[in-house]
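Asker: Handing you this structure, nothing more for now.
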Amino acid sequence: MSTIHMDGLTKRYGDVLANDSVTFDVGSGEIFGYLGPNGAGKTTTIRLLLGLIKPTSGTAAVLGADIRDRRALTERKAAVGYLPDSLGFEERLTGRQVLDYFARMRGDERRDELLELFHPPLEKPVETYSHGNKRMLGIVQAFMHDPQLAILDEPTSGLDPLKQDRLHQFLEAERDAGKTIFLSSHVLSEVQRVCDRVGIIREGKLAALEDIDALLERSGKRVWIHLTDPVDEERFVTPEMIDLEVVDSAAQFTYTGEYNALVDHLGAFDIANIEITDPQLDEIFKHYYGEDGSAATNHEEPVQTEAE
Amino acid sequence: MTAILRAESRQLVRSSLVLTGLLALLLAFVLAVFPGFAEEAALVEEAFPPVLLGLLGIEEIHTIEGFVGGYVFSIVWILFAGIYFAYVSAGMIVDDIRTRRMDLTLSSPVSRESVVLQKVAALWVPLVALHVGLFAVVAVGIRVIGESLDPVALAMAHLFLVPYLLVCAGIGIVLSVVLERVESAQAAALGLVFVLWLVDGLSHMDPDFEWVGAATPSRYVDPGAILVHGEYAFGDAGLLLVAFLALIVIALVVFVRRDI
């Protein structure tokens with residue numbers, strides 16, 4: 001049984017579809033990355049899963065509990081840990097008092113263990129905390145009751161690189177212990193580093209859902225090529241080339257078509273130097289999004305016009 | 001599952017003690033001026049036709065019972081304490097939603113009903129602080145100025161205020177789940193309790209409009225009647241409790257259905 005099952009999950013705010021029929025499963029014992037820029041609808045999905053907001057249509061099941069069944073969902077929350085994107089703590093309380101408060105509601109059998117990894121200043125009031133300290137307090141409260149499923153919204157935001165590594169290691173250890181992690185992020189290297197599978201969300205819609213490796217493969221190859229003569233764009237460019245940059249006799253692009261066709265095509269040119277590599281996740285990301293949402297069409301349109 | 005009740009109670013301690021202290025000072029001052037006022041008050045009562053005095057709710061104001069029941073309780077409790085209960089309750093839910101504290105609270109295995117009920121239950125703190133504190137001030141103050149008042153009647157007058165204060169809290173909590181901003185909810189709660197108190201007072205002045213006052217909670221609490229006449233209006237108190245429960249049910253229904 002999947003830990004999270006989403007079925008046509010839709011949330012509408014007036015004219016805006018914050019989540020548009022989002023459908024996918026998160027399996028037990030995986031780290032699932034939910035990737036998308038700010039405003040894509042990641043937090044909406046997460047808040048729907050926790051029953052904080054109600055779906056306009058569609059539904060989801062979290063640990064077997066339908067999110068529309070409040071009673072069942074409330075009960076299952078004992079096995080869920082949640083790290084929100086913006087952390088609301090009672091500011092006047094000290095870190096320790098905040099943890100005591102959550103411990104009374106959910107338990108804290110792993111509190112000490114977590115505080116060895118992440119150590120916010122527990123004796124100080126939360127209002128004096130830096131962003132990173134708040135995030136550490138958030139991580140401790142999310143995991144201290146040893147949840148079966150952790151839902152983390154931008155977990156590393158505000159953490160220094162060392163703590164980020166520590167969190168990634170911790171998440172991998174949790175996954176290996178059979179826990180399920182659902183994390184949202186707009187940090188691509190983070191997702192590439194820890195996630196087993198990725199869902200990419202764009203303007204409320206799921207744009208892609210793949211294993212990290214398959215995503216890298218399907219997203220083509222990054223090609224850097226240096227010809228002996230200046231690049232004749234009319235002849236050289238094909239529709240499969242995206243993110244194309246041409247400077248004199250050098251060209252750089254992501255090739256999204258068949259590799260054989262690429263090699264055949266390049267055979268017609270006199271090549272001085274060539275490098276074919278896996279794309280970085282941010283390039284894949286651009287492939288789904290464009291530089292800022294509109295850039296993708298700008299890149300692709302002239303290419304297609306020339307091909308016609 | 002009492003984590004929210006405990007946390008909320010602890011938060012109310014400070015404001016409850018501050019308010020109790022301020023009102024105690026006010027009460028002490030009012031009692032201190034009573035001996036001088038009592039002589040004047042007797043003249044006032046003689047000069048005014050008894051019908052008008054009755055309509056204004058002034059009754060036996062030259063006696064300590066009439067003074068405490070009609071003046072002290074009316075202003076200090078029904079107005080000030082009523083406003084405090086409405087104001088504090090009005091912040092309870094909406095503030096947690098705005099600061100996103102509610103997200104973390106509701107990510108725990110706790111129902112929305114339980115959240116609201118625990119928060120309302122935390123009002124035991126100001127309820128106890130105010131009643132104990134102000135009862136003591138009045139009981140001691142009266143002795144100091146050389147008057148006497150039946151402590152049982154005084155205690156009963158306090159007891160009958162509880163349903164009224166709960167209704168004020170109910171008004172606040174409904175506004176707290178309905179409105180989107182802390183400031184609006186608190187301002188609305190404060191304003192509403194004040195206006196209801198005013199309408200009740202004004203409606204007494206003209207028999208044609210007295211029915212309007214029937215919709216105000218302060219109509220159903222009369223410390224003066226308890227202190228001066230020893231009349232306990234159990235029916236009115238019951239009505240207030242029913243109104244309080246109705247307001248809580250409304251708040252629960254709204255909060256359970258809404259997005260946060």
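Asker: Using the structure shown, decide if A:Thr180 is surrounded by 19 or more Cβ atoms within 10 Å (Cβ to Cβ), more than 18 Å from A:Leu9 (Cβ to Cβ) and touching a Leu at 6+ places or on another chain (Cβ under 9 Å). Don't jump to the end; show me each part of the working.
Answerer: Numbers: surrounded by 19 or more Cβ atoms within 10 Å (Cβ to Cβ): yes; more than 18 Å from A:Leu9 (Cβ to Cβ): no; touching a Leu at 6+ places or on another chain (Cβ under 9 Å): yes.
The answer is no for A:Thr180.
Asker: Identify, from the list A:Lys163, A:Lys134, the residue that is within 13 Å of chain B (Cβ to nearest Cβ), under 28 Å from the mean Cα position of the chain (by Cα) and over 13 Å from A:Gly81 (Cβ atoms).
Answerer: Numbers: A:Lys163 fails: within 13 Å of chain B (Cβ to nearest Cβ).
Step by step, each of A:Lys163, A:Lys134 is checked, and only A:Lys134 is within 13 Å of chain B (Cβ to nearest Cβ), under 28 Å from the mean Cα position of the chain (by Cα) and over 13 Å from A:Gly81 (Cβ atoms).
Asker: Still on this model: Test B:Phe85 against the stated conditions and say whether it is buried (at least 21 other Cβ atoms within 10 Å of the Cβ) and more than 14 Å from chain A (Cβ to nearest Cβ). Spell out how you get there, then give the answer.
Answerer: Values: buried (at least 21 other Cβ atoms within 10 Å of the Cβ): yes; more than 14 Å from chain A (Cβ to nearest Cβ): yes.
Yes, satisfied.
Asker: Inspect the stretch A:231-238 for any residue being at pLDDT 85 or above, hydroxyl-bearing (Ser, Thr, Tyr) and over 24 Å from A:Ile31 (Cα atoms) and give the result as yes or no. So that I can check it myself, show each step before the final result.
Answerer: Taking the stretch A:231-238 first, the residues at pLDDT 85 or above are A:231-238.
Retained after the next criterion (residues that are hydroxyl-bearing (Ser, Thr, Tyr)): A:238.
If we keep only those that are over 24 Å from A:Ile31 (Cα atoms) as well, we get A:238.
Yes, the stretch A:231-238 contains at least one residue that is at pLDDT 85 or above, hydroxyl-bearing (Ser, Thr, Tyr) and over 24 Å from A:Ile31 (Cα atoms).
Asker: How many of the residues in the stretch A:100-120 are in contact (Cβ under 8 Å) with a residue 24 or more places away in the chain and touching a Ser or Thr at 6+ places or on another chain (Cβ under 8 Å)? Lay out the reasoning, then the answer.
Answerer: Pass one, the stretch A:100-120, residues in contact (Cβ under 8 Å) with a residue 24 or more places away in the chain: A:102-103, A:106-111, A:114-115, A:117-118, A:120.
Now restrict to residues that are touching a Ser or Thr at 6+ places or on another chain (Cβ under 8 Å): A:102, A:106.
Count: 2.
Asker: Please work out which residue is nearest to the chain's Cα centre (by Cα), limiting yourself to the stretch A:55-76 and to residues that are facing chain B (nearest Cβ under 10 Å) and either surrounded by fewer than 16 Cβ atoms within 10 Å (Cβ to Cβ) or farther than 26 Å from A:Lys205 by Cα (or both).
Answerer: Within the stretch A:55-76, the match that is nearest to the chain's Cα centre (by Cα) is A:Arg76.
Asker: Right, next: Just wondering, is there one or more residues in the stretch A:110-125 that are at pLDDT 95 or above, charged (D, E, K, R) and either touching a Leu at 6+ places or on another chain (Cβ under 6 Å) or buried (at least 18 other Cβ atoms within 10 Å of the Cβ) (or both)?
Answerer: yes
Asker: If you don't mind, there's one more thing I want to ask. Can you tell me which residue is surrounded by the most Cβ atoms within 10 Å (Cβ to Cβ) among those in the stretch B:193-216 that are in contact (Cβ under 8 Å) with a residue 60 or more places away in the chain and of a type outside the set (Gly, Ala, Ser)?
Answerer: To start, the set of residues in the stretch B:193-216 that are in contact (Cβ under 8 Å) with a residue 60 or more places away in the chain comprises B:193-194, B:197, B:201, B:204-205.
Okay, now just the ones that are also of a type outside the set (Gly, Ala, Ser), so B:193-194, B:197, B:204-205.
Working: B:Val193: 28, B:Phe194: 14, B:Trp197: 21, B:His204: 15, B:Met205: 13.
Step by step, filter the stretch B:193-216, then rank; the result is B:Val193.
Asker: Specify the residue that is nearest to the other protein chains (Cβ to nearest Cβ); the eligible residues are those in the stretch A:90-100 that are modelled with pLDDT of 95 or more and touching a helix residue (DSSP H, G or I) at 6+ places or on another chain (Cβ under 8 Å).
Answerer: Per the criteria, the residue is A:Val98.
Asker: Any idea which residue in the stretch B:34-86 is nearest to B:Ala122 (Cα to Cα), counting only those that are charged (D, E, K, R) and either modelled with pLDDT of 75 or more or touching an Asp or Glu at 6+ places or on another chain (Cβ under 6 Å) (or both)? Please lay out each step first, then the result.
Answerer: In the first step, residues of the stretch B:34-86 are kept if they are charged (D, E, K, R); the result is B:39-40, B:45-46, B:59-60, B:65.
Applying the additional criterion that residues be either modelled with pLDDT of 75 or more or touching an Asp or Glu at 6+ places or on another chain (Cβ under 6 Å) (or both) yields B:39-40, B:65.
Numbers: B:Glu39: 43, B:Glu40: 43, B:Glu65: 32 Å.
Of everything passing the filter in the stretch B:34-86, B:Glu65 is nearest to B:Ala122 (Cα to Cα).
Asker: Something else now. From A:Leu114, A:Leu93, A:Leu99, which residue is of a type in the set (A, V, I, L, M, F, W, C) and within 24 Å of A:Gly178 (Cα to Cα)?
Answerer: Working: A:Leu93 fails: within 24 Å of A:Gly178 (Cα to Cα); A:Leu99 fails: within 24 Å of A:Gly178 (Cα to Cα).
Result of the check over A:Leu114, A:Leu93, A:Leu99: A:Leu114.
Asker: Taking the stretch A:35-54 as the search range and keeping residues that are among the aliphatic types (A, V, I, L, M) and at pLDDT below 95, which one is surrounded by the most Cβ atoms within 10 Å (Cβ to Cβ)?
Answerer: Here is the first cut: in the stretch A:35-54, the residues among the aliphatic types (A, V, I, L, M) are A:35, A:40, A:46, A:48-50, A:52-53.
So of that shortlist, the ones also at pLDDT below 95 come out as A:35, A:40.
Numbers: A:Leu35: 30, A:Ala40: 24.
The selected residue is A:Leu35.
The values are calculated or read from the model by the stated rules, or taken from the named source; none is laboratory data. Nothing here was measured: the structure is a model prediction, and the numbers come from that model. Cβ: placed from backbone, ideal geometry, glycine included. Neighbour counts: every protein chain shown.
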